[in-house]
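Let me begin by presenting the structure, written as structure tokens, before commenting on it.
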Amino acid sequence: MSGLSQFLALAGDGIKANRLLWLLIGGFAVFPIFTHFADLPFWNDVAMRIMLLGMAAMGLNLVLGYGGMVSFGHAAFIGIGAYCVGIGEFYGLTNGWAHILLGMIVCGLMGLIIGYLALRTSGIYFIMITLAFAQMLFFLFVSLEQFGGDDGMSIDRAEFGLIDLYDPLRLYFLIWVALALVGLGLMFIVRSRFGVTLRAIKSNESRIEAMGLEPLRFKITGYVISAVICGLAGVLFANWQEYVSPDIMHWTRSGELMIIIILGGLGTLAGPLLGAIVFLLLEESLPMLLGAVAPAYAENWMILFGPLLIMVVLFGRGGLVGLIATRNQSTSNQKRGKAGQ
Amino acid sequence: MSQPILNLLNLNKSFGAVKATSDLSLTVMPGEIHALIGPNGAGKTTLIQQIYGAQKQDSGQISLNGSEITALSVPDRVKAGIGRSFQISNVLMDFTVMENGIIAEQARLGQSFRFLRPAFSDRQLIRGGKAILERVGLEKRAEQRVGDLAHGERRMLELALALATSPSLLLLDEPMAGAGPEDSQRMADIIEGLRGTVAILLIEHDMDAVFRLADRLTVMVEGAVIAAGTAAEISANEAVKLAYLGGEE
């Protein structure tokens, strides 16, 4: 009883301290009302995609932003999660809760193995090793003809007890609940003793060793947690897409996740979600925009997106969240505006 | 005579053809301040690195409080009782002074592997962190970001973090390097205040400070000990004068 009230008080403090994150998550909760009255059901689909990629990016951000580990292979965990649904159904496992459990466990184990091996290196070697593992898994699934190989396999939306996922709103809110739980969990982790130690390792690993702590333990734990979150996103992704192929773990998706995080704000709770919103909205709108001006170039929307990304990185150190924060600070307190960030 | 805190026995370490540590033996007694001096390139920092565990010796033995630590990793040696400050300030630059203290406190308590409660607002940790800062008089700067601290204060903070684990042996690698006269004086006072509570192995180029602080000195040249003794013995030693004190520097 007092444990629960204590937990709620802690959660309340955390939510107050991370308004932007919960504003965004709250926004997703009411978004279907808007699409219903505006009669734009297509946008529910976009919102689900944003939530899924945002969730995965939030997971990656724990190691990339907070832990300073540049993992270039996190799409592999999304893929493993998604294939847990596909392969699970192939062998007659149709229960969605079981898929989630399986996806998270398998991703946790894979995260442990890959993390244990890759985290012995750092810098460019770490980037390359994580990429190599992701590529290995990519080609493994390409070669598994039994599970569709290159073409992938189509998926029936899983059975979640009373929740019929063919009702699009139920799928939407299943994803939303997962997103909110991931946000809540990460909010606790980042502020906890473990979280500040992870951030301190990013800041100065040798000082953490000098305090008698083994940095590798913390880094591997962070890596496993982020892998599990990406696995959860992957399970839901497969249900949303009703299809899974090796494409889901293509290395460009790992890059996409990194772009989303950097765009939104490295090492911030709200950054990855904000980044996912902006990234996917631009992905939707830039081709249309370009199509109106120069139809032949509509598919080359990246030509506009690239400079935009560069500008955000150059002028808003700390991404979009950094831009918002410095703006708030300079309007409320001109003196501190420059020093803060 | 009591048992030494640190006992180095026939330590050797080479980098290619360069002998950084040459058949070196040395003891540090409980509570003493033991200075390690010698010209640049004598291998002082390399020796500290081997005691600390960041570099592995080619041969020889290192014992702390009577038990051998030769095979232990850095974190395990810290747990066994070694604290360290580095030649270049080694603190958590992206955090405030207080947050540095808190992270050290939770590490000291063995609580760093907890996932629920926020660390920086935890009363117990704030109290402990403050106590860590008070040992070097930094509690007034608690809210300052370490990146904004003056150089001398950063060195104090590093000393505070090194002391946080309650070490039995403190390795100080040029704690006064680059500090102004005032900060050097303050640092010397703090080190003086530690005499008797923790054994200190001190590398320092400021000879006034060394001769004021050190109970015993060991002089190193090219990886080997050329003399060891009290301040008076060392300043009277002809070999030392030739090699170091009156020599090239």
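The values are calculated or read from the model by the stated rules, or taken from the named source; none is laboratory data. The structure presented is a predicted model; accordingly, all values stated were derived computationally and were not measured. As a convention, Cβ positions derive from the backbone with ideal geometry for all residues, glycine included, and neighbour counts pool all protein chains shown. For the accessible areas, the whole protein counts, side chains as well, though only heavy atoms, and no ligand, DNA or RNA atoms are used. Shrake-Rupley method; radii C 1.70, N 1.55, O 1.52, S 1.80 Å.
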| field | Every residue from segment A:90-117 that is touching a residue at least 60 places away in the same chain (Cβ under 8 Å) and open to solvent by less than 40 Å² (accessible area, probe 1.4 Å) | value | A:96, A:99, A:100, A:103, A:107, A:108, A:111, A:114, A:115
| request: Say whether the condition of being hydroxyl-bearing (Ser, Thr, Tyr) and either touching a helix residue (DSSP H, G or I) at 6+ places or on another chain (Cβ under 6 Å) or within 14 Å of chain B (Cβ to nearest Cβ) (or both) is met by at least one residue in segment A:268-282. | output: yes
| request: Considering only segment A:259-271, state which residues are farther than 14 Å from residue A:312 by Cα and not β-branched (Val, Ile, Thr). | output: A:267, A:269, A:270
| Selected residue (only one of A:200, A:227, A:233 is at the interface with another protein chain (Cβ under 8 Å from one of its Cβ atoms) and surrounded by 22 or more Cβ atoms within 10 Å (Cβ to Cβ)) | A:200
| said: For segment A:168-177, check the following and say yes or no: at least one residue is surrounded by fewer than 20 Cβ atoms within 10 Å (Cβ to Cβ), free of Cβ contacts under 8 Å to residues at least 40 places away in the same chain and touching an Asp or Glu at 6+ places or on another chain (Cβ under 9 Å). | reply: yes
| task | Residue by residue through segment B:53-93, note down the ones that are part of a loop (DSSP other than H, G, I, E, B), more than 10 Å from every other protein chain (Cβ to nearest Cβ) and under 17 Å from residue B:24 (Cβ atoms). | result | B:55, B:56, B:57, B:58, B:69, B:70
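Scan segment A:205-214 for residues that are surrounded by fewer than 20 Cβ atoms within 10 Å (Cβ to Cβ) and at the interface with chain B (Cβ under 8 Å from one of its Cβ atoms) and jot them down.
Let us first name the residues in segment A:205-214 that are surrounded by fewer than 20 Cβ atoms within 10 Å (Cβ to Cβ), namely A:205-206, A:214.
Residues satisfying the conditions are A:206, A:214.
Conditions (1) farther than 30 Å from residue A:200 by Cβ; (2) out of contact with any Lys or Arg (no Cβ under 6 Å at 6 or more places or on another chain); (3) crowded, with 23+ Cβ neighbours inside 10 Å, marked per residue:
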residue	(1), (2), (3)
A:37	yes, yes, no
A:47	yes, yes, no
A:58	no, yes, yes
A:67	no, no, yes
A:84	yes, yes, yes
| task | Filter segment B:206-228 down to residues that are touching a residue at least 40 places away in the same chain (Cβ under 8 Å) and among the charged types (D, E, K, R) and give me whichever is nearest to residue B:189 (Cα to Cα). | result | B:215
| Going through segment A:1-53 one residue at a time, which ones are within 17 Å of residue A:187 (Cα to Cα), part of a helix (DSSP H, G or I), of a type outside the set (A, V, I, L, M) and within 14 Å of chain B (Cβ to nearest Cβ)? | A:6, A:7, A:12, A:13, A:14, A:16
| request: State which residue is nearest to residue A:265 (Cα to Cα) when the search covers only segment A:284-305 and only residues that are open to solvent by less than 40 Å² (accessible area, probe 1.4 Å) and of a type in the set (A, V, I, L, M). | output: A:286
| request: Test residue A:184 against the criterion of being in contact (Cβ under 8 Å) with a residue 40 or more places away in the chain, surrounded by fewer than 24 Cβ atoms within 10 Å (Cβ to Cβ), more than 21 Å from residue A:130 (Cα to Cα) and more than 7 Å from chain B (Cβ to nearest Cβ), and give yes or no. | output: yes
| First in segment B:150-170 and farther than 15 Å from residue A:212 by Cα, second anywhere and part of a helix (DSSP H, G or I) and among the acidic types (Asp, Glu), Cβ under 9 Å, 6 or more apart | B:150/B:183; B:151/B:183; B:152/B:182; B:152/B:183; B:153/B:183; B:155/B:183; B:156/B:183
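Listed here are the residues, each with its yes/no results for (1) under 30 Å from residue A:12 (Cα atoms); (2) surrounded by fewer than 15 Cβ atoms within 10 Å (Cβ to Cβ); (3) within 12 Å of another protein chain (Cβ to nearest Cβ); (4) modelled with pLDDT under 95.
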position: B:95; (1), (2), (3), (4): yes, no, yes, no
position: B:125; (1), (2), (3), (4): yes, no, yes, no
position: B:161; (1), (2), (3), (4): no, no, yes, no
position: B:176; (1), (2), (3), (4): no, no, no, yes
| remark: Pairs returned, first residue in segment B:109-121 that is among the β-branched types (Val, Ile, Thr), second residue that is open to solvent by less than 20 Å² (accessible area, probe 1.4 Å) and assigned to a loop (DSSP other than H, G, I, E, B), beta-carbon separation under 8 angstrom, 6 or more apart or interchain, are none
| In segment A:140-153, is there at least one residue being in contact (Cβ under 8 Å) with a residue 60 or more places away in the chain and in a loop (DSSP other than H, G, I, E, B)? | yes
| request: Return yes or no: is residue B:48 in contact with a helix residue (DSSP H, G or I) (Cβ under 8 Å, 6 or more places away or on another chain) and not small (Gly, Ala, Ser)? | output: no
| Any hit, segment B:127-134, residues being out of contact with any Asp or Glu (no Cβ under 9 Å at 6 or more places or on another chain), open to solvent by 40 Å² or more (accessible area, probe 1.4 Å) and either more than 7 Å from chain A (Cβ to nearest Cβ) or in contact (Cβ under 8 Å) with a residue 12 or more places away in the chain (or both) | yes
| query | Among the residues of segment A:306-341 satisfying the criterion of being hydroxyl-bearing (Ser, Thr, Tyr) and loosely packed, with under 12 Cβ neighbours inside 10 Å, which is modelled with the lowest pLDDT? | reply | A:332
| request: Scan (1) at pLDDT below 95; (2) within 14 Å of chain B (Cβ to nearest Cβ) for the single condition residue A:165 breaks and write down its number. | output: (2)
| message | I'd like to know if segment A:122-133 contains one or more residues that are over 30 Å from residue A:46 (Cβ atoms) and open to solvent by less than 20 Å² (accessible area, probe 1.4 Å). | response | yes
| Within the bounds of segment B:8-23, is there any residue that is surrounded by fewer than 23 Cβ atoms within 10 Å (Cβ to Cβ), away from chain A (no Cβ under 14 Å) and under 20 Å from residue B:163 (Cα atoms)? | no
| said: Being out of contact with any helix residue (DSSP H, G or I) (no Cβ under 6 Å at 6 or more places or on another chain) and over 20 Å from residue B:4 (Cβ atoms) is the filter here; which residues of segment B:60-75 pass it? | reply: B:73
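Would you tally the residues in segment B:102-138 being farther than 14 Å from residue B:162 by Cβ and not in a loop (DSSP other than H, G, I, E, B)?
13
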| request: For segment B:167-175, indicate whether the set of residues that are in contact with a strand residue (DSSP E or B) (Cβ under 6 Å, 6 or more places away or on another chain) and over 20 Å from residue B:44 (Cα atoms) is non-empty. | output: yes
